[in-house]
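Below you'll find the structure, written out as structure tokens, and then a few comments.
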Amino acid sequence: MAIYFKIGFAIYTIGPVSLLNSLFSAIGYRLEPDGWGTWYPIMMNQGYQGKIEHALIPDLIKEVKSIPGTFIAASRKIAHEKWLIY
């Protein structure tokens, strides 16, 4: 089974369900220490449920754009704590 985004009449295939499930799990585990949806509420709550209100799209874009940088910072913190890299 595939995951897709439907915007108006256009459909964009993303990939298998496991790909998106892994993404949400990684974000929830690595980037949200205070619990699911605390740092990325639109993506993790409404996006996970499969429907995002049109009015929230600008805020969703901000959340999504911040994720790569947050992953990099989290990776450096983990590396520093685990291997004492300076």
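One residue stands out in segment 17-65 among those that are crowded, with 16+ Cβ neighbours inside 10 Å, modelled with pLDDT of 90 or more and among the small types (Gly, Ala, Ser): the one that is farthest from the chain's Cα centre (by Cα), namely Gly37. Contact annotation: residue pairs with Cβ atoms under 9 Å, 6 or more positions apart or on different chains, pairing a residue in segment 62-78 that is part of a helix (DSSP H, G or I) with a partner that is among the charged types (D, E, K, R), are Thr70/Arg30; Phe71/Arg30; Ala74/Arg30; Ser75/Arg30; Ile78/Arg30. Exactly one residue among Glu63, Glu53, Glu32 is among the charged types (D, E, K, R) and touching a Pro at 6+ places or on another chain (Cβ under 9 Å), and that residue is Glu63. Of all the numbered requirements in (1) part of a loop (DSSP other than H, G, I, E, B); (2) surrounded by fewer than 11 Cβ atoms within 10 Å (Cβ to Cβ); (3) at pLDDT 90 or above, Tyr86 misses one, and that requirement is (3). Among the residues making up segment 30-59, those that are among the aliphatic types (A, V, I, L, M) and over 20 Å from Ala73 (Cα atoms) are Ile42, Ile52, Ala55, Leu56, Ile57. Counting only residues that are in contact with a strand residue (DSSP E or B) (Cβ under 7 Å, 6 or more places away or on another chain) and under 15 Å from Lys51 (Cβ atoms), which one in segment 1-10 is surrounded by the most Cβ atoms within 10 Å (Cβ to Cβ)? Here the answer is Ile3.
The values are calculated or read from the model by the stated rules, or taken from the named source; none is laboratory data. Please read all numbers here as calculations on a predicted model, not as lab measurements. When we count neighbours, we look across all protein chains shown, and the Cβ atoms used for this are built from the backbone with ideal geometry, even at glycine.
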